[in-house]
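Please treat every number below as a calculation from the coordinates, not as lab data. Bear in mind the structure is a predicted one, so any value in this text is a computation, not a measurement. Counting neighbours? That spans all protein chains shown, and the Cβs are built from the backbone with ideal geometry, glycine included.
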């Protein structure tokens, strides 16, 4: 084959992958976008949205950050899958297991413990089964989430979203594949950092500080 005939295909393979970022919280989206912005040759972020619908941006891949979502109570993932032709990749912790994401129809699953460079490489592999060339990055950007500025860990912040939505400790433990004691540990840590001692106080704090979901959680 004439080398000239191979150029369009090669150029297409090298183009940035158009990625849309989905999450219920804008702050979490901004942090994730910052991580990916250091790799413009591999990734082009075309949308940051709390909506399940990505049109008219037509991304190649949708990276769905499950912050504040539970694996067996996540109708938003089903709406994203049903309403978009792009590959959908779930981005989460082990408490939202890969099996649950795959059963729902996700094309891939990526763990939040990945570094920015590992995340980009994994996105590229899922998209086209190729590994991008490593790029020089001046430091790893910091992932952000609601409540981070108050000292809340991402797990503690997620517990507060579940509490704000009215879930009991048992419900959180059952749906997030954690023990009740682990859930209580995260909650105690969160309470100490936001200065509350009772659940109604935590719920009120959650609503005052934007921890209610921007999307419904009805099945």
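Can you sort 198, 193 so the residue with the fewest Cβ neighbours within 10 Å comes first? Fewest to most other Cβ atoms nearby, the residues stand as 198, 193.
In the frame of its principal axes, segment 66-119 has Cα extents of 29, 23, 18 Å, reported largest first.
Our summary gives segment 148-208 a relative contact order of 45 percent, counting only alpha carbon pairs under 8 angstrom and 6 or more residues apart. Ranked for footprinting exposure by Cβ neighbours inside 10 Å, fewest first, 205, 145 give 205, 145.
Dividing the convex hull volume of the alpha carbon atoms of segment 3-128 by its residue count gives 107 Å³ per residue. Taking the empirical scaling 2.2 N^0.38 Å for compact globular proteins as reference, segment 148-208 has a Cα radius of gyration ratio of 1.00. Extension gain, residue 174 to residue 115: 0.36 nm times the residue separation minus the Cα-Cα distance gives 18.4 nm. The residue 57 and residue 208 beta-carbon pair, evaluated with R₀ = 41 Å, returns a calculated FRET efficiency of approximately 0.80.
Each of residue 94 and residue 41 was given a label point 7 Å from its Cα along the Cα-to-Cβ line. The distance between the two points is 3.5 nm. Here r is the Cβ-Cβ distance between residue 30 and residue 128 and R0 is 30 Å; the resulting FRET efficiency, rounded to 0.05, is 0.65.
In this label model, residue 188 and residue 79 are separated by 3.7 nm, measuring between points 7 Å along each Cα→Cβ vector. Note on 183, 46: ascending count of other Cβ atoms within 10 Å places them as 46, 183, the fewest first.
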